[in-house]
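Trainee: Got a structure for you, questions after.
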Amino acid sequence: MVGIVLVSHSERLAHGLRDMLVQVAGEEVPIEAAGGTDDGGLGTSYDRILVAIDRADRGGGVLVLTDLGSAVLTAQTVLEDRVANTAVLVDAPFVEGAVAAAVLAGAGADLAECTRAATEARDVRKL
Amino acid sequence: MVGIVLVSHSERLAHGLRDMLVQVAGEEVPIEAAGGTDDGGLGTSYDRILVAIDRADRGGGVLVLTDLGSAVLTAQTVLEDRVANTAVLVDAPFVEGAVAAAVLAGAGADLAECTRAATEARDVRKL
Amino acid sequence: MDADLARAWVAAVATSVTEHAAELTDLDAAIGDGDHGVNLRRGFDAVVVALAGFEADTAGAVLTKTGTTLVSKVGGASGPLYGSLFRALGKSLPGEVDAVAFGDGLRAGLDAIVRLGKAAPGDKTMVDALTPAVDAFAAAAPAGFAAAARAASAAAAEGATATTPLQARKGRASYLGERSAGHQDPGATSTALVFAALAAVADA
Amino acid sequence: MDADLARAWVAAVATSVTEHAAELTDLDAAIGDGDHGVNLRRGFDAVVVALAGFEADTAGAVLTKTGTTLVSKVGGASGPLYGSLFRALGKSLPGEVDAVAFGDGLRAGLDAIVRLGKAAPGDKTMVDALTPAVDAFAAAAPAGFAAAARAASAAAAEGATATTPLQARKGRASYLGERSAGHQDPGATSTALVFAALAAVADA
Ligand SMILES: Nc1ncnc2c1ncn2[C@@H]1O[C@H](COP(=O)(O)OP(=O)(O)O)[C@@H](O)[C@H]1O
Ligand SMILES: Nc1ncnc2c1ncn2[C@@H]1O[C@H](COP(=O)(O)OP(=O)(O)O)[C@@H](O)[C@H]1O
Ligand SMILES: [Mg+2]
Ligand SMILES: [Mg+2]
Ligand SMILES: [Mg+2]
Ligand SMILES: [Mg+2]
């Protein structure tokens with residue numbers, strides 16, 4: 001099963017998005033929120049990202065989605081440092097990409113397919 | 001001053017995103033969260049959206065951003081029903097578009113410029 | 001259709017939605033987020049409450065109120081969509097409603113759903129049940145209201161069943177691509193319940 | 001540079017960051033999210049604590065530890081960026097560090113920041129202060145460590161000042177387009193502090 005990690009500047013945002021994803025993906029898909037700094041403020045935590053990735057890593061690989069700026073840079077740094085080469089960072093709109101990936105992960109799709117769905121979410125029109 | 005309304009399936013997500021926007025836009029920009037159903041569950045509330053738009057409407061127009069599905073459809077319905085024609089729904093990535101719009105709103109940009117920034121956020125690469 | 005028949009219809013839909021809530025939710029869990037039954041129950045329960053305290057002389061007023069309540073209480077995509085249907089239907093109805101006028105109203109309701117949701121037939125949505133139902137109602141309208149309602153109900157049920165092999169192209173289910181095939185669309189299924197309720201009260 | 005000088009440098013940066021935290025935060029409030037001073041204080045405070053309990057014989061080990069701590073404690077974009085700089089610098093330093101080796105290390109640090117953040121000179125980021133500082137250090141290295149550090153400090157300060165008229169093309173400030181012009185970049189400003197601290201400890 002593919003795991004999903006949500007890296008946001010905001011702890012609340014990451015947890016709220018996780019709630020939404022669990023609803024479409026089901027409880028079996030490992031979805032981990034890594035929002036906020038170590039002390040829960042606005043920003044990014046290397047340690048929270050690392051822990052989240054390790055938790056979400058259940059053999060099918062991990063898709064990491066980020067909001068902006070330091071979330072991207074910190075996640076990239078975690079991935080470079082991490083010994084296990086099982087997580088990928090995807091360039092996708094945070095919420096829309098995460099929902100698309102979660103739907104597919106819940107349906108048993110593999111990491112490549114989830115990654116593609118997240119990326120393509122950029123081109124889905126809302127109106 | 002342009003107002004911003006955040007329509008999400010998740011109350012937590014909308015509030016967390018609002019926290020992020022306040023940080024870049026400053027306290028003067030009216031930013032309202034309209035997340036969740038009337039009772040705070042996952043989904044969309046017509047009444048919460050309407051109240052949020054009315055609150056954010058301070059003369060410079062209101063930019064409405066949505067996550068997905070029912071958030072889009074409900075926001076559209078609110079806008080059609082609303083007598084005052086001062087709010088626009090933008091087709092933009094939720095988090096990325098909101099941050100871009102908030103940065104510009106905080107700098108005193110008008111509704112058209114904020115709308116354009118939100119839309120163009122789709123094309124900003126993260127990696 | 002008069003105000004009493006409109007009330008009876010909506011009450012029958014509410015009862016049916018309650019009975020089938022688990023089924024609708026299961027269908028939605030397979031290709032959506034598993035809340036369609038919960039959403040519609042919440043919406044129609046609110047409609048029942050709203051109509052109980054609502055004075056109205058016409059079917060149009062009852063159905064408009066139904067739509068307005070659904071729009072604000074359902075909480076899912078089906079809220080604004082069914083809400084638009086009932087509001088457009090209600091608003092388009094004249095004081096005296098015969099089968100032809102009701103058929104025109106249903107057409108206005110379908111148009112409103114399509115304008116809002118932009119789904120075409122074949123996209124695996126409620127539009128796939130609603131479109132044939134509206135067509136069947138109009139075609140059978142000369143034979144009277146009850147006959148038209150029966151025809152619409154049969155067409156809606158068939159339309160709902162026919163969504164099973166389709167690939168979703170609207171809403172969350174569309175992310176599933178080919179994987180969405182093999183599951184009946186929850187919204188098309190609830191649309192069939194709406195028309196089954198209409199046929200039941202029209203016959204009574 | 002030996003381990004003690006490396007510790008002195010980092011301690012001086014920590015002190016300077018504390019003194020200038022409000023200024024850095026104000027610069028960031030104008031074109032960013034107003035946390036650069038807070039971020040760097042949190043980061044360097046953590047570095048001071050981490051180094052106090054850290055045994056190390058070489059400047060490289062001290063600076064690598066500094067970078068690792070910054071990566072995980074800053075909380076903003078400057079964390080992984082400065083973290084990469086110090087880690088790459090620390091890892092590239094040999095046991096004995098002369099001015100030329102340190103200049104090569106700074107170059108490796110600059111490369112690491114650019115690889116991670118993808119900013120080019122002129123994008124109105126810390127790279128606009130770091131690039132001239134690294135060049136100046138390398139050019140002046142034959143004149144000795146203290147002279148090279150002074151040259152780098154002057155170049156970083158000038159690079160930071162020169163960001164004022166630029167339009168941001170990286171990070172949040174880039175959304176401001178033309179409106180970002182007229183404000184000095186906070187990250188370039190803190191980079192100037194880092195090199196001012198280096199010059200100060202190298203002279204002492
Ligand atoms: N754009 C649309 N146009 C028409 N029908 C739609 C559209 N989006 C969703 N639907 C219908 O709504 C149903 C889902 O309703 P529901 O579960 O209540 O809302 P949500 O998807 O917000 O959870 C789908 O099965 C489909 O029939
Ligand atoms: N991609 C990048 N490349 C180089 N420097 C960057 C980049 N993004 C941001 N910066 C620098 O980081 C500074 C902001 O740091 P800080 O405020 O601590 O982080 P954040 O932007 O996450 O709040 C900017 O002033 C800029 O100099
Ligand atoms: Mg649903
Ligand atoms: Mg839903
Ligand atoms: Mg900042
Ligand atoms: Mg920040």
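Trainee: Need one number: nm distance between label points at A:R58 and D:F54, each 7 Å from Cα along Cα→Cβ, rounded to one decimal.
Mentor: A separation of 3.7 nm, rounded to one decimal place.
Trainee: Calculate how steeply helix D:99-117 sits against the longest principal axis of the alpha-carbon atoms of chain D, using the helix alpha-carbon long axis, and give the answer as 0 to 90 degrees to the nearest 10.
Mentor: Rounded to the nearest ten degrees, it is 40.
Trainee: Right, another one. Taking amide H positions as placed in the peptide plane 1.01 Å from N, state which residues far from A:E32 in sequence (5 or more) or on other chains have amide H under 5 Å from it.
Mentor: A:I4, A:V5, A:L6
Trainee: Just to confirm the number: angle between the C-alpha axis of helix C:59-73 and the first principal axis of chain C, 0 to 90 degrees, nearest 10?
Mentor: Once rounded, one gets 30 degrees.
Trainee: Identify, for chain C, the residue whose C-beta comes nearest the rotation axis onto chain D, and round that distance to whole Å.
Mentor: Axis relating chain C to chain D; nearest Cβ residue and distance: C:Y175, 14.
Trainee: Calculate how steeply helix C:21-31 sits against the longest principal axis of the alpha-carbon atoms of chain C, using the helix alpha-carbon long axis, and give the answer as 0 to 90 degrees to the nearest 10.
Mentor: The helix C:21-31 is inclined about 40 degrees to chain C.
Trainee: To one decimal in nm, how far is D:R169 from the same spot in the other copies, if labels go 7 Å from Cα toward Cβ? Please give the shortest first.
Mentor: Between copies, matching label points for D:R169 lie 4.1 nm apart.
Trainee: Using a Cα-Cα cut-off of under 16 Å, which aspartates and glutamates could be cross-linked to B:K126, ignoring same-chain neighbours fewer than 8 residues away?
Mentor: Straight-distance partners of B:K126: A:D67, A:D91, A:E96, A:E120, A:D123, B:E96, D:D123.
Trainee: For the protein assembly as shown, with only Lys/Arg (+1) and Asp/Glu (-1) charged at the beta-carbon, what is the dipole magnitude about the Cα centre, in debye rounded to 20?
Mentor: Details: 52 positive and 82 negative charges, 129 e Å.
Computed charge dipole of the protein assembly as shown: roughly 620 debye.
Trainee: Per DSSP helix of 4 or more residues, -39500 (n - 2.57); summed, then divided by the residues of chain C. What does that give at 222 nm, rounded to the nearest 500? List each step's numbers first, then the result.
Mentor: Working: 9 runs with 143 residues, N = 204.
When only DSSP H runs of four or more count, the value is -23000 deg cm²/dmol.
Trainee: Provide the convex hull volume over Cα atoms per residue for region D:132-204, in Å³.
Mentor: Per-residue hull volume (Cα only) is 68 Å³.
Trainee: Okay, next question. Where in region D:162-182 does the amide nitrogen come within less than 17 Å of the point 7 Å from the Cα of D:K118, taken along Cα to Cβ?
Mentor: It comes to D:168-175, nothing else.
Trainee: Average partner chain C-beta neighbours within 10 Å, per residue of D:23-31?
Mentor: What the average comes to for D:23-31 is 1.
Trainee: Now for a different question. Sum -39500 (n - 2.57) across every DSSP H segment of at least 4 residues in chain A, then divide by the residue count to get the 222 nm mean residue ellipticity, nearest 500.
Mentor: After summing the helix terms and dividing by the residues of chain A, the value is -15000 deg cm²/dmol.
Trainee: Considering every residue in C:130-143, what mean count of other chain Cβ atoms within 10 Å of its Cβ is obtained? The partial results should precede the final answer.
Mentor: Working: counts 0, 0, 0, 0, 0, 0, 0, 0, 0, 0, 0, 0, 0, 0.
For this peptide, the per-residue mean of nearby foreign Cβ atoms is 0.
Trainee: Could you tally up the Lys pairs in region C:3-203 with alpha carbons closer than 23 Å? Skip any pair fewer than 8 positions apart unless they're on separate chains.
Mentor: Total qualifying Lys-Lys pairs in region C:3-203 comes to 8.
Trainee: Same structure, new question: Between rounded, prolate and oblate, where does region C:34-106 land on the alpha carbon gyration tensor, with a ≥ b ≥ c its root eigenvalues, rounded for a/c under 1.5, else prolate if a/b exceeds b/c?
Mentor: Because a/c hits 1.5 or more and a/b fails to exceed b/c, region C:34-106 counts as oblate.
Trainee: Which of the GluC sites (Glu not before Pro) across region D:1-95 are loop residues per DSSP, with 15 or fewer other Cβ within 10 Å?
Mentor: Counting only loop positions with at most 15 other Cβ atoms within 10 Å, the GluC sites (Glu not before Pro) in region D:1-95 are D:E55.
Trainee: Output, in nm with one decimal and in ascending order, the distances from the C:D111 label point to the matching label points of the other copies (7 Å from Cα along Cα-to-Cβ).
Mentor: Spacings between copies for this position, smallest first, are 6.8 nm.
Trainee: Moving on. How far, in nm to one decimal, is A:R116 from itself in the other copies if the label point is set 7 angstrom along Cα toward Cβ? Shortest first, please.
Mentor: Going from nearest to farthest copy, the values are 3.6 nm.
Trainee: How about region B:43-127: which trypsin sites (Lys or Arg not before Pro) there are in a DSSP loop, with at most 14 other Cβ atoms within 10 Å of their Cβ?
Mentor: Qualifying residues, ordered by number: B:R58, B:R125.
Trainee: Normalise the Debye intensity by I(0) for the protein assembly as shown, one equal point scatterer per Cα, no solvent, then take log10 at q = 0.07, 0.08, 0.09, 0.12 Å⁻¹ and round to two decimals.
Mentor: Evaluating at q = 0.07, 0.08, 0.09, 0.12 Å⁻¹ gives log10 I(q)/I(0) of -0.52, -0.64, -0.76, -1.13.
Trainee: Can you give me the Cα centroid spacing of region D:31-59 and region A:8-86 in angstrom?
Mentor: One Cα centre to the other: 23 Å.
No value in this document is a laboratory result; all are computed from the given coordinates. Bear in mind the structure is a predicted one, so any value in this text is a computation, not a measurement. As a convention, Cβ positions derive from the backbone with ideal geometry for all residues, glycine included, and neighbour counts pool all protein chains shown.
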